[in-house]
Structures are given as C-alpha cells and as structure tokens.
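The values are calculated or read from the model by the stated rules, or taken from the named source; none is laboratory data. Since this is a predicted model, take the numbers as computed values, not measurements. So basically every Cβ, Gly included, is an ideal-geometry build from the backbone, and we count neighbours across all protein chains shown.
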Amino acid sequence: MEAYIGTDDRASHARFGRTDRNRPMYGPPGHAYVYLVYGMYDCLNIVTEPVDHPAAVLVRATEPLEGLDVMRASRSALRAARRKTAPRTALRTPPDHRLASGPGLVAAAFGIDVTWTGVDLCDPASPLRLEEAPDDEPPPAVRATPRIGIAYAGTPWTEHAWRFVITGHPSASGPASLR
DNA sequence: ACAACGATCAACT
DNA sequence: GTTGATCGTTGTC
C-alpha cells in the first residue's frame, strides 16, 4: 500500500484540487478510486478520509490466493492486447506469488479497470470488496519505506515513508531491498 | 486547440 | 541500468 493525502501532497492526484478524474478521492472513505497511468495500466486505490478530505491508498501488490489461472490468463491477455510488436524473446510466465506484485498487475490480475472507480468496497454485495480478517489471524509485521515512482525528487514528498509492505513478503512490489 | 507528462511494466543493452 | 509503449488528464495559449 502507498498513501497519498491532501492537496499539499505534490505526488497526489489531489494536488490540482478537485477534478473529474480524482472526484472519488473527495468522496466517502472505503470507496474505490481507479485511474489509468501511462496510457496502459489501471491502478486501484482505496479512499481513506472523510468526504472533502482527498486521500487514498494505492494497492501496490496483493498475494494471489485463489483463481491463479484466471489471473494468469487476464494478465497475458491484457499484455497481448496492449503490445503492438511481439517481443523477440519468448514471454516468461512469472512465479505464482508475483502475479499481482505491482499496482498495474493487481488491476490486471483482478480484471479491474477505470469503470470500477467509485464503487463501495465496504458493500458486502459488491463483487469487489474489503473483508474483515479472521479473528485468529494475527496482524502482519509492517515496514514503512519511501514511496515509489513519484517525481518531485528532492522535495519532502519523496522522503515520507508512506509506502507500507508486509515485512519480507514475497509478493511485495518494488525492489527486493525495500521488502 | 495543443503539448507535456504520468502513483508502470517489460523488453532490451 | 535504460528505454519504448500508449493515451487520458491537465495546464497553457
């Protein structure tokens, strides 16, 4: 997960204030904010603050537990559809635990695109939703690191340790040194 | 109307 | 470690 909060956060989509795209960030917490980056990849965010306080966490990675075959299929389908020229080398299939180890890969694995923006992730009837962890499941150890892939190098906004990984988790996104 | 660029990924050197 | 793919959003003119 990676946190973005407020209009002062120069790395956040809310830095321009309220726009058509980032409207869900200003909406109620627990809803999805999905956007397209680099013309190719969808990114799933979860709104985290009350109405009119723009903030969200980007889901950078998930651990694939069920439907791995579906994840593999939708990922390669999306890759093929969005690549003009075929690679010279055969495409490598990633290890199962890395099927959703990046924000664009999470969306690809779950088949999420921008049409999902705004859905209520706390609605038990939603096909895409958050659920309570089982009582017998202890919370994992979490490590905080700087955020990844944001511009404004040298500003305080690149320094904040607002990226959170489950310590040592093999499905985490980003460089191995930051897991 | 237009130009720049981005919360990325995978291929390539 | 570097770079191409690809297009909606945003700021500027």
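Go through A:ARG10, A:ARG21, A:ARG60 for me and flag whichever is surrounded by 20 or more Cβ atoms within 10 Å (Cβ to Cβ), within 11 Å of DNA strand B (Cβ to nearest atom) and part of a loop (DSSP other than H, G, I, E, B). Explain how you work it out, then say what you get.
Working: A:ARG10 fails: surrounded by 20 or more Cβ atoms within 10 Å (Cβ to Cβ); A:ARG21 fails: surrounded by 20 or more Cβ atoms within 10 Å (Cβ to Cβ).
Every option except A:ARG60 fails the conditions.
Checking the condition modelled with pLDDT under 95 and within 23 Å of A:THR48 (Cα to Cα), which residue from A:PRO94, A:PRO127, A:PRO156, A:PRO175 passes? Steps first, please.
On the way: A:PRO94 fails: within 23 Å of A:THR48 (Cα to Cα); A:PRO127 fails: modelled with pLDDT under 95; A:PRO175 fails: within 23 Å of A:THR48 (Cα to Cα).
Only one candidate passes the filter, namely A:PRO156.
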Being part of a helix (DSSP H, G or I) and within 21 Å of A:SER101 (Cβ to Cβ), is that true of even one residue in the range A:119-129?
no
Looking only at the range A:25-49, which residues are in contact (Cβ under 8 Å) with a residue 12 or more places away in the chain, more than 26 Å from A:PRO156 (Cβ to Cβ) and out of contact with any helix residue (DSSP H, G or I) (no Cβ under 9 Å at 6 or more places or on another chain)?
A:GLY27, A:PRO28, A:GLY30
For residues in the range A:8-53 being of a type in the set (Phe, Trp, Tyr) and under 15 Å from the mean Cα position of the chain (by Cα), which is farthest from DNA strand C (Cβ to nearest atom)?
A:TYR33
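Restricting to the range A:148-173, give me the number of residues that are within 15 Å of A:GLU63 (Cβ to Cβ), within 14 Å of DNA strand B (Cβ to nearest atom) and not aromatic (Phe, Trp, Tyr). It would help to see each step written out before you state the result.
Taking the range A:148-173 as the starting set, the residues that turn out to be within 15 Å of A:GLU63 (Cβ to Cβ) are A:164-173.
Those still in the list that are within 14 Å of DNA strand B (Cβ to nearest atom) too: A:164-165, A:171-173.
Right, trim to not aromatic (Phe, Trp, Tyr) and you get A:165, A:171-173.
The number of residues fulfilling the criteria is 4.
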